[in-house]
Amino acid sequence: MPAVGGMDRGTGKAYPGNLTPYVTVTCIVAAMGGLIFGYDIGISGGVTSMKPFLRKFFPSVARKQDEAANNMINEYCQYDSETLTLFTSSLYLAALLSSLVASTVTRKFGRKLSMLFGGLLFLAGALINGFAKAVWMLILGRILLGFGIGFANQSVPLYLSEMAPYRYRGALNIGFQLSITVGILIANVLNYYFAKIKGGWGWRLSLGGAMVPALIISVGSLVLPDTPNSMIERGQHDEARSKLQRIRGVDDVHEEFNDLVAASEASKLVEHPWRNLLQKKYRPHLTVAILIPFFQQLTGINVIMFYAPVLFNTIGFGAQAALMSAVITGGVNVAATLVSIYGVDKWGRRFLFLEGGVQMLICQAVVAACIGAKFGIDGSPGDLPRWYAIVVVLFICIYVAGFAWSWGPLGWLVPSEIFPLEIRSAAQSINVSVNMLFTFAVAQVFLNMLCHLKFGLFLFFAFFVVVMSIFIYFFIPETKGIPIEEMGQVWKNHWYWSRYVGEHDFVPNGGVEMGKAKV
């Protein structure tokens, strides 16, 4: 029996190929699809802390802020508004729905077209939000933004995993998460400066600025090549072989190309990929597609990233100080993601998952203690000393760093690299849908939970950090350095998943068992 977690190394295949400038540039351009997701995460929390924006669209929240400043209501409850949370969370419900449609588009028409749809929908949403005159326009714009994010998040991680040489797949795929963090940082910086514009209309620039990342992914999708996997799926074998040779930088791509063709032929026998996900041999894949994004959202990171300015404002920072604190955490997020890019193919996925979990757990406990000691239950901290603010921001930054080099990038990388081709688009849609469902749920209930749980909210998320770290330790095998078409082999020697995956379920050529593929 192998070690806990299953350290199986697959079939030991080593396809020839190099990290060519062509594939590097291609993956960088594709990864910029994450900008739209990151920009939105960063921008939404910032504008909801801007007084002119609140007075125009959410006057009840603006009144609560004034009452909290005069100690008339609990500090924890000043942002508790169902309409405000609907503004934030409606995007993620839309992303959930569109990711299901994106599966079919990605499978039948290629990864590029899904990226293009994502960019154009996001562009339309940004325009409506920037010119919004009423709450319904804000929510309509958010829904269109969500449709765009659903398409982009479904297609970009798949694109990166299929284009990258297997030895560098982790680093190149994490480019997507790096792009998300850069988008968050840019949004936080823009919020800080736009909030200072006289006349109080800076929020329009913040919301309308989403047009820039939308144009980047739209134009990028037009110039990017399609992946060899996608070309083979659509019968373009000669073009796929030529493209694979250019991507790998070598002429000898015979073995890898044949494995891709075998996987594609097997996948065509699958008439119902969604139903196929329920087969016993795909039990580990389905479990990962559901639990990884579920746990990723229950780390509590979106509490920080969505509502960083709101959160800092709630715990006693002024509006400008809150926006600056969000800029600081955004910078830490970017820097820590670079650490993950450096280490993911060197240290492995499991090490980063587990180290990040321990780091987040400690920080959440410390932040809960700090806020509890100063705010207590009534949420009236009095005058907050400078050292207190520094300690809170420091530990939140350490927490963000732990997430940014572990569950942030790996939550997208690991699911996207483990799915066999015959279920890849459908399984990735499950992954994105679960991610968006729980992002929506957390965004929808956070402000209400903050009002009722108070500082205990951090302990709530800390509990899930413990649970998900246990899950990683026992149930997630190491996938570092394994060719994507050979990934099915890692489950056969796993102490637990081997009971679901039979010896003949995943054949060595990268396909599935040909005789049992059809349903």
Q. Under the condition of being in a loop (DSSP other than H, G, I, E, B) and among the β-branched types (Val, Ile, Thr), which residue from the stretch 7-43 is modelled with the lowest pLDDT?
A. THR11
**Q.** Those residues of the stretch 125-139 which are in a helix (DSSP H, G or I), aliphatic (A, V, I, L, M) and in contact with a Gly (Cβ under 8 Å, 6 or more places away or on another chain), in sequence order
**A.** ALA126, LEU127, ILE128
Q.
Pairs needed: first member in the stretch 243-254, part of a helix (DSSP H, G or I); second member anywhere, among the polar types (S, T, N, Q) and buried (at least 16 other Cβ atoms within 10 Å of the Cβ); C-beta distance under 9 Å; at least 6 residues apart or different chains.
A. LYS243/THR227; LYS243/GLN236; ILE247/THR26; ILE247/THR227
Q: Taking TYR92 as the residue in question, decide whether it is at pLDDT below 85, crowded, with 24+ Cβ neighbours inside 10 Å, outside any helix (DSSP H, G or I) and not hydrophobic (A, V, I, L, M, F, W, C).
A: no
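For the stretch 338-457, list the helices (runs of 4 or more DSSP H) that sit wholly inside it and hold at least 1 residues that are within 19 Å of GLN297 (Cα to Cα), among the polar types (S, T, N, Q) and open to solvent by 10 Å² or more (accessible area, probe 1.4 Å); which are they? I'd like the intermediate steps shown before the answer.
Details: elements: 349-375, 386-404, 407-418, 424-453.
Filter on the stretch 338-457 gives 349-375, 424-453.
Run down ILE139, ILE216, ILE197 and say which single residue is open to solvent by less than 40 Å² (accessible area, probe 1.4 Å) and β-branched (Val, Ile, Thr).
Criteria check complete, one pass: ILE139.
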Q. Which condition breaks for ILE216 when tested against (1) of a type in the set (Val, Ile, Thr); (2) under 28 Å from PHE464 (Cβ atoms); (3) in a helix (DSSP H, G or I); (4) modelled with pLDDT of 85 or more?
A. (2)
Q: Look at ILE149 and say whether it is assigned to a helix (DSSP H, G or I) and either open to solvent by less than 40 Å² (accessible area, probe 1.4 Å) or closer than 21 Å to TRP407 by Cβ (or both).
A: yes
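The values are calculated or read from the model by the stated rules, or taken from the named source; none is laboratory data. Because the structure is predicted, anything quoted here is derived from the model rather than measured. Cβ: placed from backbone, ideal geometry, glycine included. Neighbour counts: every protein chain shown. Heads up: the accessible areas ignore ligands, DNA and RNA and are worked out on the full protein's heavy atoms, side chains in. Shrake-Rupley method; radii C 1.70, N 1.55, O 1.52, S 1.80 Å.
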